[in-house]
Amino acid sequence: TLFLSRCLLKMVKGNIIVPEEILSFCCNGLQGSTSPPRAQEPGEREEAPGAMASPSPARNPTEVQMSQLVLPCHTNHRGELSTGQLLKWIDTAACLSAERHAGCPCVTASMDDIYFEHTISVGQVVNIKAKVNRAFNSSMEVGIQVSYEDLCSGKHCSICKAYATFVAQGPLGSKVRLEPLTPQTEEEKIEYSIAAERRRMRLVHKDTLKDLLTHSTQETELETRDGSGAVPAEKTRVESVELVLPPHANHQGNTFGGQIMAWMENVATIAASRLCHAHPTLRAIEMFHFRGPSQVGDRLVLKAIVNNAFKNSMEVGVSAEAYGQEMSVSCRHINSAFMTFVVLDQEGQPRTLPMVAPEPGDGERRYREASARKKIRLDRKYVVSCKQTEVPLSVPWDQSNKVYLSYNNVSALKMLVAKANWALAREKEKVRMYTLEEDKFLSFRIEISVCIPASRAFSLLSNLRRRHEWDSHYVSAELVQKVDDDDMIYHVVSQKLRHENKPQDFVILASRRKPCSKGDPYVVAFRSVTLPTHPARAEFTRGETLCSGFCIWPESEEMSKVAYYNQATPGYLNYVTTNVAGLSSNICSTFEACEKFLLKNKDDLISRLQD
């Protein structure tokens, strides 16, 4: 009876017609069953009242879960969920999560890259989970996970993962200062920590693209293969107008960001279809920002054109402009986006696409920029989006991926710091050594408290040219390239390791970060990179570091906790395990020397000027 009653509740919630016989049986059963009570089985424990379900762990208060059954009205001609409809659901769930934390209306400010891994068919269920990862002053990052569920087979599959930025708004559009968010679980702590680095990447996104395109467009030439069958880009141009009505807007009268994205996806799909004369599939949307709001009554003019077609994919540029009732009045640029489409054959593999013949002038500029953006997208997806274990020890360094390598460097260290299963392995006077054993890695952490301001310790430890003063393993560190104030590349020479007949050398990217908000540490992250100007040489054994660095927490104005982290690579593993086992005290002695170095130089004015 209880089982059927639960089914009944679900059916009622789902607006399903319930047969009268079942309804009557369930109601009678709830009022009191005439069946004798069931005899207790031998060894069966009697449950206390209210013990039908074990208490679930506390959920993040900002978490929002949305489940949508894909109906024919949501799909395209192939019976697959329209990406525009999915974007509306994503934006709605993310907005509800943001408003839970803010306690006031929120608007979409930006959306990071979205890569769609699978399509969703009619009859399947879309499950969306959104929660705030971190709140800054008046903006917050919301993480969104999307998966689908096949109700017949029970199969679950990931569709995409996205990060959206929302801004809280008060009366008359004024900004609202947000309360800080306190992460609870290990996963939340990792997302919280890395959110600051993602925010930094968003803030420099426009300048990064401008810089990369400046360098790339000087080298990118129009494709020289036979273009006799090329389609003029002008033939793919689409322009459409939409009237913003109340159902398209939120409670403030502003158009939903997801609705605008859906309209943009619609015209982009038409443009892509005009090139390939087939039905394309959206594979990715590049990071974009909303430049301003639109309101109920606005006319949104949406324009799209294929910028470039590669062998198996094409980039479509699309823009949204808002007009008032008088279309002759100057427009407001709402948004621009770049979408990547493919055309799949019967086996689900991308088909070869026809070439695009760009128009002279702006058309050729868009063509070249699309080629540059493709390289940027590949760099960003390869370095930022993949799992840490899939990133090679040493990644080639160039101008096009410097922002993303820096992001990966810092976020990898922050992920290591946020791990929960660190175990104390050794303690020698003030120095404490912890280890973390995972499937593929052994990591260690060295901790020491030092009487020095955190900012001063950060300045001293981030300068690798001075590391030989306290670390006997370092012979020299040459500054090879100052990328910017926060990122520098060094060529480091170290002492010979046991059983080695020549010294090691490293090419290391050092990335510095000051605290984003109160409670954050100062961060100095290290990882290996490859530079054409510094190849491996015969007189050295080329070493590599995957993830290492310092985190420095202020304990008071004059006291800091300094922690060094290292994810041991195979060449370094024997040295680490020897120290962990207590057969050597080299690591502890090195950090005792580090403490003396910091104390000696904390008031050194000459060192401050050099730094």
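The values are calculated or read from the model by the stated rules, or taken from the named source; none is laboratory data. Please read all numbers here as calculations on a predicted model, not as lab measurements. Using ideal geometry, Cβ is built from the backbone for each residue, glycine included, and neighbour counts are taken over all protein chains shown. Please note that ligands, DNA and RNA were not included when accessible areas were found on the heavy atoms of the full protein model with its side chains. Shrake-Rupley method; radii C 1.70, N 1.55, O 1.52, S 1.80 Å.
State all residues of the stretch 434-476 that are in a helix (DSSP H, G or I), open to solvent by 50 Å² or more (accessible area, probe 1.4 Å) and not basic (Lys, Arg); if no residue qualifies, say none.
From the stretch 434-476, those in a helix (DSSP H, G or I) are 454-461, 464-469; that's our starting set.
Then keep just the ones that are open to solvent by 50 Å² or more (accessible area, probe 1.4 Å); that gives 455, 465, 468-469.
Within the stretch 434-476, Ser455, His468, Glu469 meet the criteria.
Going by the conditions given, is Ser336 modelled with pLDDT under 95, open to solvent by 60 Å² or more (accessible area, probe 1.4 Å) and among the hydroxyl-bearing types (Ser, Thr, Tyr)?
On the way: modelled with pLDDT under 95: yes; open to solvent by 60 Å² or more (accessible area, probe 1.4 Å): no; among the hydroxyl-bearing types (Ser, Thr, Tyr): yes.
For Ser336, the condition - modelled with pLDDT under 95, open to solvent by 60 Å² or more (accessible area, probe 1.4 Å) and among the hydroxyl-bearing types (Ser, Thr, Tyr) - is not met.
Could you say which residue among Leu30, Leu86, Leu69 is modelled with pLDDT of 95 or more and open to solvent by 80 Å² or more (accessible area, probe 1.4 Å)?
Values: Leu30 fails: modelled with pLDDT of 95 or more; Leu86 fails: open to solvent by 80 Å² or more (accessible area, probe 1.4 Å).
One residue alone meets the criteria, Leu69.
In a helix (DSSP H, G or I), assigned by the TED database to the domain that holds Met66, touching a strand residue (DSSP E or B) at 6+ places or on another chain (Cβ under 8 Å) and within 20 Å of Arg291 (Cα to Cα), is that true of Ala98?
Details: in a helix (DSSP H, G or I): yes; assigned by the TED database to the domain that holds Met66: yes; touching a strand residue (DSSP E or B) at 6+ places or on another chain (Cβ under 8 Å): yes; within 20 Å of Arg291 (Cα to Cα): yes.
Judged against the criteria, Ala98 is a match.
Do you know which of the residues in the stretch 295-333 that are modelled with pLDDT of 90 or more and assigned to a loop (DSSP other than H, G, I, E, B) is farthest from the chain's Cα centre (by Cα)?
Gly297
Would you confirm whether or not the stretch 507-526 contains a residue that is open to solvent by less than 60 Å² (accessible area, probe 1.4 Å), over 20 Å from Met415 (Cα atoms), within 33 Å of the chain's Cα centre (by Cα) and of a type in the set (A, V, I, L, M, F, W, C)?
Taking every residue of the stretch 507-526 in turn, at least one turns out to be open to solvent by less than 60 Å² (accessible area, probe 1.4 Å), over 20 Å from Met415 (Cα atoms), within 33 Å of the chain's Cα centre (by Cα) and of a type in the set (A, V, I, L, M, F, W, C).
Is there a residue being at positive phi and at pLDDT 70 or above anywhere in the stretch 173-181?
Of all residues in the stretch 173-181, those at positive phi come to 173.
Filter once more, keeping what is at pLDDT 70 or above: 173.
Yes, the stretch 173-181 contains a residue that is at positive phi and at pLDDT 70 or above.
Of the residues Thr119, Thr108, which is in contact with a strand residue (DSSP E or B) (Cβ under 8 Å, 6 or more places away or on another chain), modelled with pLDDT under 95 and either surrounded by 21 or more Cβ atoms within 10 Å (Cβ to Cβ) or in a helix (DSSP H, G or I) (or both)? Full working, then the answer.
Numbers: Thr119 fails: either surrounded by 21 or more Cβ atoms within 10 Å (Cβ to Cβ) or in a helix (DSSP H, G or I) (or both).
Exactly one of Thr119, Thr108 is in contact with a strand residue (DSSP E or B) (Cβ under 8 Å, 6 or more places away or on another chain), modelled with pLDDT under 95 and either surrounded by 21 or more Cβ atoms within 10 Å (Cβ to Cβ) or in a helix (DSSP H, G or I) (or both), namely Thr108.
Looking at the stretch 237-265, which of its residues are in contact (Cβ under 8 Å) with a residue 24 or more places away in the chain and either open to solvent by 50 Å² or more (accessible area, probe 1.4 Å) or of a type in the set (Asp, Glu) (or both)? Reasoning before the result, please.
So the first thing to find is which residues in the stretch 237-265 are in contact (Cβ under 8 Å) with a residue 24 or more places away in the chain, and the list is 237-246, 248-265.
Matches in the stretch 237-265: Arg237, Glu239, Val241, Glu242, Leu243, Leu245, Pro246, His251, Gln252, Phe256, Glu265.
Can you tell me which of Val410, Val417, Val356, Val343 is in contact with a strand residue (DSSP E or B) (Cβ under 6 Å, 6 or more places away or on another chain), modelled with pLDDT of 90 or more, over 20 Å from Met201 (Cβ atoms) and aliphatic (A, V, I, L, M)?
Details: Val410 fails: over 20 Å from Met201 (Cβ atoms); Val417 fails: over 20 Å from Met201 (Cβ atoms); Val343 fails: in contact with a strand residue (DSSP E or B) (Cβ under 6 Å, 6 or more places away or on another chain).
Going through Val410, Val417, Val356, Val343 in turn, just one is in contact with a strand residue (DSSP E or B) (Cβ under 6 Å, 6 or more places away or on another chain), modelled with pLDDT of 90 or more, over 20 Å from Met201 (Cβ atoms) and aliphatic (A, V, I, L, M): Val356.
Quick check on the stretch 259-280. Is at least one of its residues modelled with pLDDT of 90 or more and over 30 Å from Met355 (Cβ atoms)?
Keep residues of the stretch 259-280 that are modelled with pLDDT of 90 or more, which gives 259-280.
So of that shortlist, the ones also over 30 Å from Met355 (Cβ atoms) come out as 259-260.
Scanning the stretch 259-280 turns up at least one residue that is modelled with pLDDT of 90 or more and over 30 Å from Met355 (Cβ atoms).
Residues to consider are Arg432, Arg456, Arg465; find the one that is more than 14 Å from Phe591 (Cβ to Cβ) and without any contact (Cβ under 8 Å) to a residue 60 or more places away in the chain.
Working: Arg432 fails: more than 14 Å from Phe591 (Cβ to Cβ); Arg456 fails: without any contact (Cβ under 8 Å) to a residue 60 or more places away in the chain.
Arg465 is the lone residue from the list that is more than 14 Å from Phe591 (Cβ to Cβ) and without any contact (Cβ under 8 Å) to a residue 60 or more places away in the chain.
Can you name the residue in the stretch 271-297 that is surrounded by fewer than 18 Cβ atoms within 10 Å (Cβ to Cβ) and among the hydrophobic types (A, V, I, L, M, F, W, C) and, of all such residues, is farthest from Lys375 (Cα to Cα)?
My answer is Val296.
I'd like the full set of residues that are within 15 Å of Gln504 (Cβ to Cβ) and not aromatic (Phe, Trp, Tyr), limited to the stretch 465-488. Spell out the reasoning first.
Narrowing the stretch 465-488 to residues within 15 Å of Gln504 (Cβ to Cβ): 467-468, 471-478.
If the condition is that a residue be within 15 Å of Gln504 (Cβ to Cβ) and not aromatic (Phe, Trp, Tyr), then Arg467, His468, Asp471, Ser472, His473, Val475, Ser476, Ala477, Glu478 are the ones that fit.
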